[in-house]
Amino acid sequence: MNDTVSSISGIDHVFGSTYIENVSAASSRQGINHVNITSYSDYLLDRAKDSLVQGDLSEIYGDSNKVMTASNKDNPLKVGDTIQIAGQEVEILVYIVFWQLLL
């Protein structure tokens, strides 16, 4: 769909995101029993460069089992932590300041 929409004259950028909250999870960091998951299109990941606090965004594109976490007062997860979701383990490699991603 992105290719179809982006081929329309006058369209500069096409991006998408999905979100699901309160997904059961376990973590190497104590006290984590759920996470909120957001998927980002490549365009939104490219925009996250200005929000980067720690890590390398290039490592989380595609199906890498590597993820990023966003800074907020209720999020204790940090770079290097692992999360198990539905039997699959992912590692946090990137830390961003989320509100800057929205600007």
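For segment 1-62, the list of trypsin sites (Lys or Arg not before Pro) that fall in a loop by DSSP and count at most 14 other C-beta atoms within 10 angstrom reads ARG29. Placing unit charges on each Cβ (+1 for Lys and Arg, -1 for Asp and Glu) gives the chain a dipole about its Cα centre, and among VAL90, THR4, ASN72 the Cα reaching farthest toward its positive end belongs to ASN72. Extending 7 Å from the Cα toward the beta-carbon at both VAL53 and VAL14 defines two label points whose distance is 3.4 nm. In a fully extended conformation the segment linking SER6 and ALA26 would gain 3.4 nm over its present Cα-Cα distance, using 0.36 nm per residue. Would you work out if the chain is rounded, prolate or oblate? Take a ≥ b ≥ c from the square roots of the eigenvalues of the alpha-carbon gyration tensor; rounded if a/c is under 1.5, else prolate when a/b is larger than b/c, oblate otherwise. Because a/c hits 1.5 or more and a/b exceeds b/c, the chain counts as prolate.
Taken together, the values in this text are just the output of simple stated rules run on the coordinates, not laboratory data. Note that this is a predicted model, so its numbers are computed, not measured. Glycine gets a Cβ as well: all are built from the backbone with ideal geometry, and neighbour counts include every protein chain shown.
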